Amino acid sequence: MTDLPNAASVAIVREGKVLLIKRAYAPYQNLWTLPGGRLEPGETIEQCAIREISEEVGLTIRNPRLVMEQELGREGTYRLAVFVTRDFSGQLRASDEVADHKWMDPTALIALRTTSRLDDVLARAFAVLAQN
């Protein structure tokens, strides 16, 4: 268990919709969630978020804003830092870790099998965006 985040995910928002991915592999295989992944040695958590988004969906994000941190896995195996941004560029290209992807209205999440409490995470992310 760690106090510092060792994984990051990012809510990428475009025109009121958020980019969700369906994980191709464990953990969370076949569940819809935010793109992201694990921290690599020598990275800051922001660098992790930027790299993971580039690797998983081919987008370049800028100015990720911290939304929250949450513990995941057994006995808090992961401490996930969740970021949000509207500032991104590039063509969406899903990696082999991504079974599917879609831009979703957060109010339509009920139709999907998602990771735990994704609706709460997205509510917080949109609240952070609304602050400026």
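Any read-out appearing in this document is the output of simple, stated calculations on the displayed coordinates, not a laboratory observation. Since the model is a prediction, treat every value here as computed from it, not as a measurement. No Cβ is skipped: glycine too gets one built from the backbone with ideal geometry, and neighbour counts run over all protein chains shown.
3J(HN,Hα) couplings calculated from phi for the range 105-113 with the Karplus curve 6.51 cos²θ - 1.76 cosθ + 1.60 (θ = phi - 60°) are, in sequence order, 6, x, 6, 9, 4, 4, 6, 10, 8 Hz; Gly and Pro show x. Normalised by the number of residues in the chain, the average gap of Cα pairs under 8 Å and 6 or more apart makes the relative contact order 32 percent.
Once you reduce the range 1-64 and the range 67-94 to the center of their Cα atoms, the two points are 4 Å from each other. Placing unit charges on each Cβ (+1 for Lys and Arg, -1 for Asp and Glu) gives the chain a dipole about its Cα centre, and among ALA123, LEU72, ALA7 the Cα reaching farthest toward its positive end belongs to ALA123.
Amide H contacts under 5 Å for VAL67: VAL82, PHE83, VAL84, restricted to partners 5 or more places along the chain or on a different chain, H placed in the peptide plane at 1.01 Å from N. When log10 I(q)/I(0) by the Debye sum over Cα atoms at q = 0.09, 0.14, 0.17, 0.22 Å⁻¹ is calculated for this entry, the matching label among (1) -0.26, -0.61, -0.88, -1.39; (2) -0.22, -0.56, -0.85, -1.55; (3) -0.24, -0.61, -0.94, -1.65 is (2). For the range 5-15, putting each phi into the Karplus relation 6.51 cos²θ - 1.76 cosθ + 1.60 with θ = phi - 60° gives couplings of x, 10, 7, 9, 9, 9, 8, 9, 10, 9, 6 Hz, in residue order, rounded to whole numbers and with x for Gly and Pro.
Among the GluC sites (Glu not before Pro) in the range 26-132, those located in a DSSP loop and surrounded by at most 10 other Cβ atoms within 10 Å of their own Cβ are GLU75. Using a Gaussian network model of the chain in which every pair of alpha carbons under 10 angstrom is joined by a spring, one finds that among ALA49, ALA108, ALA11 the greatest mean-square fluctuation is at ALA108.
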